[in-house]
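One structure below.
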């Protein structure tokens, strides 16, 4: 399975580490051998149709601040070119959320679908702005559109509702469904830690975004 990652922040790097750690499990349990053939960040891209060395790429990008520093990498705004030009089965759209316009994720998702590529996203911006349009486009293009990662963090809410609870009527959902908020409130209530300190720690751990506005102002719940 050939994979493209668009966005290489906390989520993109985290996914890469999981693919490294779970490679044997995925192969033995599911017969799945994911091959990341391209990664794009805001400064450039790394492409290798034989498969990128994720361990090496993580080190290089960590030092240089961009995947473009990887051997053969290129600098520039290359997301559209990679999405449409690199042979792949799945595109992970992992760019930061913009709930006003959905961009750039919205355009990335549309281009991937029109190129016949399945899409997985953690980006709720495009869903807020154009969910029905994207759902319809995926059906017309004959591709899968998976977005559970954008709802409830690691809790498989969408899959649970669609599959395991398919015969049930869901009347209500309650809870603090935001990982950042959960982390901050738990630390503040159990340890008496100051808000600013806990927020900074959450950002360092990758729990909170660089711009945590959507989380701490209650927009992303």
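The values are calculated or read from the model by the stated rules, or taken from the named source; none is laboratory data. Since we're looking at a predicted model, the values are computed, not measured. As a convention, Cβ positions derive from the backbone with ideal geometry for all residues, glycine included, and neighbour counts pool all protein chains shown.
Considering only segment 66-80, I want to know if a residue exists there that is within 20 Å of residue 39 (Cβ to Cβ), over 18 Å from the mean Cα position of the chain (by Cα), part of a helix (DSSP H, G or I) and at pLDDT 95 or above. Yes, because at least one residue in segment 66-80 is within 20 Å of residue 39 (Cβ to Cβ), over 18 Å from the mean Cα position of the chain (by Cα), part of a helix (DSSP H, G or I) and at pLDDT 95 or above.
Restricting the first residue to segment 20-31 and requiring it to be without any contact (Cβ under 8 Å) to a residue 24 or more places away in the chain, which pairs with a second residue that is surrounded by 13 or more Cβ atoms within 10 Å (Cβ to Cβ) and part of a helix (DSSP H, G or I) meet a Cβ separation below 9 Å and a spacing of at least six or different chains? Hits for this filter: 26/19.
Of the residues making up segment 49-62, not a single one is in contact with a helix residue (DSSP H, G or I) (Cβ under 7 Å, 6 or more places away or on another chain), within 14 Å of residue 6 (Cβ to Cβ) and in the same structural domain as residue 90 (by TED's automatic domain parsing). Here residue 33 does not qualify as part of a helix (DSSP H, G or I), surrounded by fewer than 17 Cβ atoms within 10 Å (Cβ to Cβ) and touching a helix residue (DSSP H, G or I) at 6+ places or on another chain (Cβ under 6 Å). Can you say whether residue 75 is out of contact with any strand residue (DSSP E or B) (no Cβ under 6 Å at 6 or more places or on another chain) and more than 25 Å from residue 126 (Cα to Cα), as far as the supplied structure shows? Answer is no for this residue.
Residue count for segment 55-67, restricted to those that are in contact with a strand residue (DSSP E or B) (Cβ under 9 Å, 6 or more places away or on another chain), surrounded by fewer than 22 Cβ atoms within 10 Å (Cβ to Cβ) and closer than 21 Å to residue 21 by Cβ: 1. Of the helices (runs of 4 or more DSSP H) entirely within segment 83-194, those holding at least 1 residues that are more than 27 Å from residue 34 (Cα to Cα) occupy 124-141, 179-191. Residue by residue through segment 195-221, note down the ones that are on the phi < 0 side of the Ramachandran plot and in a loop (DSSP other than H, G, I, E, B). 207, 208, 209, 210, 211, 212, 217, 219, 220, 221 - these are the residues of segment 195-221 that are on the phi < 0 side of the Ramachandran plot and in a loop (DSSP other than H, G, I, E, B). All of 86, 129 fail the test of being in contact with a strand residue (DSSP E or B) (Cβ under 9 Å, 6 or more places away or on another chain) and surrounded by fewer than 22 Cβ atoms within 10 Å (Cβ to Cβ), apart from 86.
Residue count for segment 132-156 satisfying the condition of being buried (at least 17 other Cβ atoms within 10 Å of the Cβ) and in contact with a helix residue (DSSP H, G or I) (Cβ under 7 Å, 6 or more places away or on another chain): 9. Could you check segment 108-121 and list, in sequence order, the residues that are within 12 Å of residue 6 (Cα to Cα) and either surrounded by 23 or more Cβ atoms within 10 Å (Cβ to Cβ) or outside the structural domain of residue 139 (by TED's automatic domain parsing) (or both)? The answer is 108, 109, 112, 119, 121.
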